[in-house]
1. Before we move on, is Asp205 open to solvent by less than 60 Å² (accessible area, probe 1.4 Å), in contact with a helix residue (DSSP H, G or I) (Cβ under 9 Å, 6 or more places away or on another chain), of a type in the set (D, E, K, R) and more than 22 Å from Ile340 (Cα to Cα)?
2. Starting from the range 135-151, take each residue that is within 12 Å of Ile193 (Cα to Cα) and list its partners that are open to solvent by 50 Å² or more (accessible area, probe 1.4 Å), counting only C-beta distances under 7 angstrom and pairs at least six apart or across chains.
3. Tell me which strands (runs of 3 or more DSSP E) are completely within the range 77-132 and hold 1 or more residues being among the aromatic types (Phe, Trp, Tyr) and surrounded by 15 or more Cβ atoms within 10 Å (Cβ to Cβ), or say none if there are none.
4. Filter the range 324-354 down to the residues that are of a type outside the set (S, T, N, Q) and free of Cβ contacts under 8 Å to residues at least 12 places away in the same chain, then identify the one that is least open to solvent (accessible area, probe 1.4 Å).
5. Please tell me if Ile93 is at pLDDT below 95, of a type in the set (Val, Ile, Thr) and farther than 19 Å from Leu338 by Cβ.
6. Failed condition for Ile70, given (1) crowded, with 22+ Cβ neighbours inside 10 Å; (2) free of Cβ contacts under 8 Å to residues at least 12 places away in the same chain; (3) among the hydrophobic types (A, V, I, L, M, F, W, C), with all others met?
7. Here is a list: Ala293, Ala280, Ala287, Ala275. Which entry is closer than 17 Å to Phe27 by Cα and either in contact with a strand residue (DSSP E or B) (Cβ under 6 Å, 6 or more places away or on another chain) or open to solvent by 70 Å² or more (accessible area, probe 1.4 Å) (or both)?
8. Being out of contact with any Cys (no Cβ under 6 Å at 6 or more places or on another chain), part of a strand (DSSP E or B), open to solvent by less than 30 Å² (accessible area, probe 1.4 Å) and over 24 Å from Asp102 (Cβ atoms): is that true of Gln212 here?
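The values are calculated or read from the model by the stated rules, or taken from the named source; none is laboratory data. Predicted, not measured: the structure shown is a model, and the values here were computed from it. Counting neighbours? That spans all protein chains shown, and the Cβs are built from the backbone with ideal geometry, glycine included. Keep in mind that these areas ignore ligands, DNA and RNA; they rest on the heavy atoms of the full protein, side chains included. Shrake-Rupley method; radii C 1.70, N 1.55, O 1.52, S 1.80 Å.
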Amino acid sequence: MLTETVAGRTYNYTHNVGRGAQSGMGFNWPVAMTFTPDGTVYVANRGSESISNVGWNRTGVGQRISKITIGAEWGDEEFLGEFSRYGDGDGQIIWPAGLTNDDQGNVYVTDEWLNRVQVFDKDDKLVRSFNTVQPGDGDTNGASGIAIAADGTLYVTDSRSHQVRIFKNDGTFVSAFGSQGVSEGQFDSPWGITVDKDGKVYVADFNNHRVQKFSADGKFEQQIGRPGNKRGDLSFPTDVAVDDDGDIYVCDWSNNKWDRGRVHIFTPEGQFLTALHGDAQQLSQWAQMTVDANADYAKRRREVRTTEPEWTFAQPVAVEWDKANGRLVVADTQRSRLQIYKKQSGYMVPQLNL
């Protein structure tokens, strides 16, 4: 539904941004987002690997970091540019997986294949990079999600070694926590990660079907969600976000990995409230431009019984809280778009005297 009210909270769907594109105005498997202080939205495009008979570091298409604004409503979005491309050289990416930024507008990009974090300034220039794998870590690693605390501390999930690594802002390794398992504080393929305003760390524990909350130094504090296929249960959560009220948002693939997926909403105490399923009843501005430019596209869309299946999420991978604008943004990955929900308080339900 376009507007959903639950326990004093109202979520209003506003619009969506994006379309499938290997470059320019659109995305190619968007898997992470971050919002810089100047209002720019950075989107990591995972792309695909489809070029044959070339070197391994030249097979990819569509990998890049997009820069956009999403605006307040349909038609306000703007494409600002893009940087990086497929490769293993300085400033290049193979499997981009996570994004975050600091208060200077520097953007941090994790690479799951190269096991490194690269830092770009607001002019898209590479500032520095560092390896996430430490001596003695073994051969199985995959840097995935990344989050930054108010003091500049960086947290990076590693989905293959099943731990979270902590770094100073300059890339100096501090410590790590977690191991493979199902007990409190253990992980099985941790993915998305976030830090709330109090410095608490939340990790999407993908194969354990839960989110875990930790202190800044990695001590377990709380579990959010549980495995299952009932309403409010989690099944392959990919990312987590927390708003200024402490409400927790969990991006969830679904129990068969190909269902429409959803974003579950929990209270700070971990009580399930509701789930968002996607509400893109209108094409994005960029997608509409594609349809308008091709008469056959428009004809075929008129021939379908309903466009309702395309409204919903399809394997959403990332969720982020846009603090400056009080809204939730979901990377609707398979559909190459972002869906945006505004959170409101004091919403008045219309009283109809019929």
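1. Numbers: open to solvent by less than 60 Å² (accessible area, probe 1.4 Å): yes; in contact with a helix residue (DSSP H, G or I) (Cβ under 9 Å, 6 or more places away or on another chain): no; of a type in the set (D, E, K, R): yes; more than 22 Å from Ile340 (Cα to Cα): yes.
Judged against the criteria, Asp205 is not a match.
2. Taking only residues 6 or more apart or on different chains, the pairs are Ser144/Trp191; Gly145/Trp191; Ala149/Ala216.
3. Values: elements: 78-83, 96-101, 107-111, 116-120, 126-131.
Because the criterion is at least 1 residues that are among the aromatic types (Phe, Trp, Tyr) and surrounded by 15 or more Cβ atoms within 10 Å (Cβ to Cβ), the strands (runs of 3 or more DSSP E) in the range 77-132 that meet it are 78-83, 107-111, 116-120, 126-131.
4. As a first pass, look at the range 324-354 and keep what is of a type outside the set (S, T, N, Q): 324, 326-332, 335, 337-338, 340-343, 346-350, 352, 354.
Then drop every residue that is not free of Cβ contacts under 8 Å to residues at least 12 places away in the same chain, which leaves 346, 348, 350, 352, 354.
Details: Gly346: 65, Met348: 153, Pro350: 87, Leu352: 136, Leu354: 202 Å².
Ranking the candidates gives Gly346 first.
5. Numbers: at pLDDT below 95: no; of a type in the set (Val, Ile, Thr): yes; farther than 19 Å from Leu338 by Cβ: yes.
The answer is no for Ile93.
6. (2)
7. On the way: Ala293 fails: closer than 17 Å to Phe27 by Cα; Ala287 fails: either in contact with a strand residue (DSSP E or B) (Cβ under 6 Å, 6 or more places away or on another chain) or open to solvent by 70 Å² or more (accessible area, probe 1.4 Å) (or both); Ala275 fails: closer than 17 Å to Phe27 by Cα.
It is Ala280.
8. Numbers: out of contact with any Cys (no Cβ under 6 Å at 6 or more places or on another chain): yes; part of a strand (DSSP E or B): yes; open to solvent by less than 30 Å² (accessible area, probe 1.4 Å): yes; over 24 Å from Asp102 (Cβ atoms): yes.
It is true that Gln212 is out of contact with any Cys (no Cβ under 6 Å at 6 or more places or on another chain), part of a strand (DSSP E or B), open to solvent by less than 30 Å² (accessible area, probe 1.4 Å) and over 24 Å from Asp102 (Cβ atoms).
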